[in-house]
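**Q** Below you will find the structure I want to go over with you.
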Amino acid sequence: MDSGNGRASSGGWARGVAMSGANGSADPVHPAAPGTDTPGRARRTERRRAGRLRGWGGVAGMALALAVAAGTLIPLTRHGGESAAAVGVAGPGTAHGVQAKADDCTDPEASLSPSSADGPTIDAIKRRGKLIAGVDQNSFRWGYRNPATRTLEGFDIDLVKAIAKNILGDENAVIYRAIPTSQRIPALQNGTVDVVVRTMTVNCGRIKQASFSTAYFEAGQQVLAPKSSAITGFDDSLKGKRVCVAAGSTAFDALKTDPHGADYQDFTVPNQLDCLVRLQQNLVDAVVTDNALAAGQAAQDPAVQLKGSPFTTEYYGVAVKLGNTDLVRRINQVLVDYRSGGDNSPWMRAYRQWLAADLPGIKSPPAPKYRAG
């Protein structure tokens, strides 16, 4: 759910909520700069707060519970390697010999060969004793705070734990920082986080700004709308409709390229959860987002459904700061192990626990692709 943009907001810093530790707590970072808040007509409309929330207690209620659990506001901090690591075993089901250069991009999800070797980035993480991970805390099934336990859970969170276990020997040696869609690239560039594991699509624009692991999930863009809506998908049925989209997302890029007559510029928000809340409040008519995320949102609210078919094919990858090749290779080795074991692999177990109910029928993770040379 992301584009190749990912620019920092004009204010140069963001608001955050400080809660770090091994129990699944997070340092949520939310943009405060102009241009990233609800713009134009959506801001004026939201003042009216029209409509009553639907679904299991309302996602807005869930968001409020998360905010109450969150804590103290802090700014996005700024702090500041490239290493040639030995190549490890790629594992079964891999594709080799694919070039993935940003200036001649044909297969952006092709990554570096895996390795278990250390390097300067990994050494720094070991000295710190914690992996700092940028995640979502509002995406049901992927990265969300369980209201009962107040801990972060989900498919992405399980992968973060696997990375921490491999590097530090402890899956709980993690500082989670919750970041909005639009701040994922800046958080890496500024050194605020070591990794971003947040339903982040690998694409040609983005590999110029960050380094990525091999793909760990396949998704596609789709339309989410009320079941009663006449909207049929990403087509001309969107004409004249208020369509919500997250800033810095591939959905935003798709609407910018061909909006199908929809009004989306007045309904662009920092975080995907904001779109679902607006949909529940009848402030927008539809949402365009990853079907993987939308399926979880539909599970929270039985009054909405996915419309039409996915109109893109996208792959999620773990993002790190551009040039931190030792960490990329290490994460790719983690993913080799994570995929291994067939139906009993850690990947399949996580899929069954978190995603199978809303995204049934997936038999295996996407096969990794590696660069030649």
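The values are calculated or read from the model by the stated rules, or taken from the named source; none is laboratory data. As the structure is a prediction and not an experimental result, all values here were calculated from the model. Note that we place each Cβ from the backbone using ideal geometry, even for glycine, and neighbour counts take in every protein chain shown. In case anyone asks, the SASA skips ligands and DNA or RNA and just uses the protein heavy atoms, side chains included. Shrake-Rupley method; radii C 1.70, N 1.55, O 1.52, S 1.80 Å.
**Q** Give me the number: length gained by fully extending Gln353 to Ser116, i.e. 0.36 nm times residue separation minus the C-alpha to C-alpha distance, one decimal in nm.
**A** So the extension gain works out to 82.5 nm.
**Q** Another question about this same structure. If one puts a single equal scatterer on every Cα of region 149-264 and applies the Debye formula without solvent, what log₁₀ I(q)/I(0) results at q = 0.10, 0.13, 0.14, 0.23 Å⁻¹?
**A** -0.42, -0.67, -0.75, -1.34
**Q** Packing-wise, with mean Cβ within 10 Å as the measure, how do 118-124, 335-341, 225-231 rank, highest first?
**A** Working: 118-124: 17.6, 335-341: 19.4, 225-231: 16.0.
Top to bottom by mean Cβ count within 10 Å: 335-341, 118-124, 225-231.
**Q** Sorted by average packing, counted as other Cβ atoms within 10 angstrom per residue and highest first, what order do 142-150, 177-185, 107-115, 245-253 take? Show your work: numbers first, answer last.
**A** Details: 142-150: 18.4, 177-185: 28.7, 107-115: 23.1, 245-253: 26.4.
In descending order of packing, they fall as 177-185, 245-253, 107-115, 142-150.
**Q** Pull up all non-local amide H partners of Ala215: gap of 5 or more, or a different chain, and H-to-H distance under 5 Å with H placed in the peptide plane.
**A** Answer set, sorted by chain and number: Lys369.
**Q** Here is a follow-up. Straight distance only, please: which lysines reach the Cα of Lys307 with their own Cα at less than 18 Å, same-chain residues fewer than 8 apart left out?
**A** Partners found: Lys227, Lys239, Lys241.
**Q** Over region 198-324, with the other protein chains present, what is the accessible area per residue in square angstrom, probe 1.4 angstrom? Please list the in-between numbers first.
**A** On the way: 3800 Å² over 127 residues.
I get 30 Å² per residue for this part.
**Q** Still on this model: Working out 0.36 nm times the residue gap between Thr106 and Gln305, then minus their Cα-Cα distance, what length gain in nm do you get to one decimal?
**A** Values: separation 199, 0.36 × 199 = 71.64 nm, distance 3.29 nm.
Value of the extension gain: 68.3 nm.
**Q** For region 319-373, take the convex hull of the Cα atoms, compute a quarter of its surface area, and give me that in nm², please.
**A** The orientation-averaged projected area of the Cα hull of region 319-373 comes to 4.9 nm².
**Q** Roughly how many Å² is the accessible area per residue of region 96-193, as a whole number, for a 1.4 Å probe? Could the numbers behind the result be given before it?
**A** Working: 3390 Å² over 98 residues.
It amounts to 35 Å² per residue over region 96-193.
**Q** Under a cut-off of 30 Å between alpha-carbon atoms, report the lysines in cross-link reach of Lys208, not counting same-chain residues fewer than 8 places apart.
**A** Lys101, Lys126, Lys130, Lys161, Lys165, Lys256, Lys321, Lys369
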